[in-house]
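Heads up: the structure comes next, in structure tokens.
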Amino acid sequence: MSSQVHVVIAGASFAGIPIAHSLLKDIPTVKVTLINPSPTFYFAIAAPRLLAKRNAFKPEQYLLPIEREFSRYRTSSFEFVQGRASAIDVSAKTITLDTTRNIHFDYLVIASGSTTASNSQTHAIPIPFKQSNSDDMYTVIQNAQDSISRAESIVIAGAGPIGVEIAGEIAEAAQQSGRKVKITLVSASYRILPMLKPTGSATAEKLLTELGVEIVKSQKVSEPCKAGSPTRGQ
């Protein structure tokens, strides 16, 4: 009988979860250990709408229990471990977690993704377009929703798909509630959504303008600062 091959996957998001499912379905002798800081998967594709419109989704629709999604597999073939990888010893084939637990692997998949500045706890109110590095997504999302709903002026740096979508969602939410908020969308390009054909960009711009969004083109945000604080050079 063939011995089990142990595959450890660090990161349970849009890369790690599909890899785990594929291995478990296609390789009968595999044992998969999936490591993630949070026990839930954050469906970040919905971020622009759920951040702008608190009641657009229920939390259970965008924070999905990871272990439940793997309940179809035998416990001998799958294990979920909540934690963060703190060290990897390639020669010994071990990964160390922040819980001080060491896990041996035959193969290691690093699918931890990346972290953006807007998701950093160094900011007063993180805006989570990605999973945070800890088990606090529900609180982070709630705080972001509160901050956006109270804001009188919002500047969005970047006029790609996410920037355009959240500008439109916030403007639409404000319009529906009768709340006044100044929304400025800054594009480094001479048009928004530069990856589209000019007609697509023009249509998106028209829709945003009709919602009251101010669009600034061919400029970049050089440095963010809190309202009332001096910018560099002043």
Work out the length of the dipole vector of region 175-219 about its Cα centre, built from +1 on the beta-carbon of each Lys and Arg and -1 on the beta-carbon of each Asp and Glu, and round it to the nearest 20 debye.
-> 60
Would you please classify the overall shape of region 158-230 from the alpha carbon gyration tensor, given that a ≥ b ≥ c denote the square roots of the eigenvalues, rounded means a/c under 1.5, and beyond that prolate means a/b larger than b/c while oblate covers the rest?
-> oblate
In what sequence, largest accessible area first, do Val5, Val81 appear using a 1.4 Å probe?
-> Val5, Val81
Counting DSSP beta bridges with both partners in region 74-227, what percentage is antiparallel, nearest 5?
-> 45
Please give, to one decimal in nm, the separation of the simple spin-label points placed at Leu196 and Leu64, each 7 Å out from Cα toward the Cβ.
-> 2.7
If one builds a Gaussian network model of the chain from Cα atoms under 10 Å apart, the most fluctuating residue listed among Val90, Val164, Val30 is Val90
Accessible-area order (highest first, 1.4 angstrom probe) of the listed residues Asp135, Asp106 = Asp135, Asp106
At 37 °C and 0.692 mPa s, what whole-number value in µm²/s does Stokes-Einstein give for the translational diffusion of region 1-146, with Rh from the Kirkwood sum over Cα pairs?
-> 202
Excluding Ala144 itself, calculate the net charge of residues whose Cβ lies under 14 Å from the Cβ of Ala144, where each Lys or Arg counts +1 and each Asp or Glu counts -1.
-> +2
The chain: most fluctuating residue of Pro224, Pro48, Pro128 per GNM, C-alpha cutoff 10 Å = Pro224
Going from most exposed to least, what order do Tyr73, Tyr190 have by accessible area with a 1.4 Å probe?
-> Tyr190, Tyr73
As a check on your grasp of the helix formula, calculate [θ] at 222 nm for the chain: sum -39500 (n - 2.57) over DSSP H runs of n ≥ 4, divide by the residue count, round to the nearest 500.
-> -8500 deg cm²/dmol
How much accessible area does Glu152 have with a 1.4 Å probe, in Å² rounded to the nearest 10?
-> 150
Out-of-range pairs (alpha-carbon distance over 24 Å; input Lys53/Lys206; Lys93/Lys130; Lys25/Lys58; Lys58/Lys182) = Lys93/Lys130; Lys25/Lys58; Lys58/Lys182
Of the heavy-atom accessible surface of the chain (probe 1.4 angstrom), what whole percent is carbon and sulfur?
-> 55
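The values are calculated or read from the model by the stated rules, or taken from the named source; none is laboratory data. Here the structure is a predicted model, which is why all the values come from computation and not from measurement. Here the Cβ is made from the backbone with ideal geometry for all residues, glycine too, and neighbour counts use every protein chain on show. These accessible areas exclude ligands, DNA and RNA; they are computed on the full protein's heavy atoms, side chains included. Shrake-Rupley method; radii C 1.70, N 1.55, O 1.52, S 1.80 Å.
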